[in-house]
């Protein structure tokens, strides 16, 4: 091992390796699959309300949530928006 400095100065630089892009791709794919499966389960659980709300209103509400996700997911994937931005 090389010699380590006991004093850290502003001239010292820390290098952090980037995580592999395959891990990010797997995470994003798993996230999308989890959302779609949750959406399908929600539709199945709320099926009795189709008659109460009416088919058009029910599928409009359920479709709006899927459309919202389909709009925001590419923004996260392409890096236009990140959760850390405030």
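Below is a table of values for the structure above.
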| item | result |
| --- | --- |
| Lone qualifier among 82, 72 - being under 23 Å from the mean Cα position of the chain (by Cα), surrounded by 11 or more Cβ atoms within 10 Å (Cβ to Cβ), modelled with pLDDT under 90 and under 30 Å from residue 21 (Cα atoms) | 72 |
| Residue check, residue 62 in contact with a helix residue (DSSP H, G or I) (Cβ under 6 Å, 6 or more places away or on another chain) and either part of a helix (DSSP H, G or I) or touching a residue at least 40 places away in the same chain (Cβ under 8 Å) (or both) | yes |
| Selection within the range 11-63 - modelled with pLDDT under 85 and more than 19 Å from residue 73 (Cβ to Cβ) | 11, 12, 13, 14, 15, 16, 17, 18, 19, 20 |
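The values are calculated or read from the model by the stated rules, or taken from the named source; none is laboratory data. This structure is a prediction, so every number in the text was calculated from the model and none was measured. Positions of Cβ are backbone-derived with ideal geometry, glycine not excepted, and every protein chain shown enters the neighbour counts.
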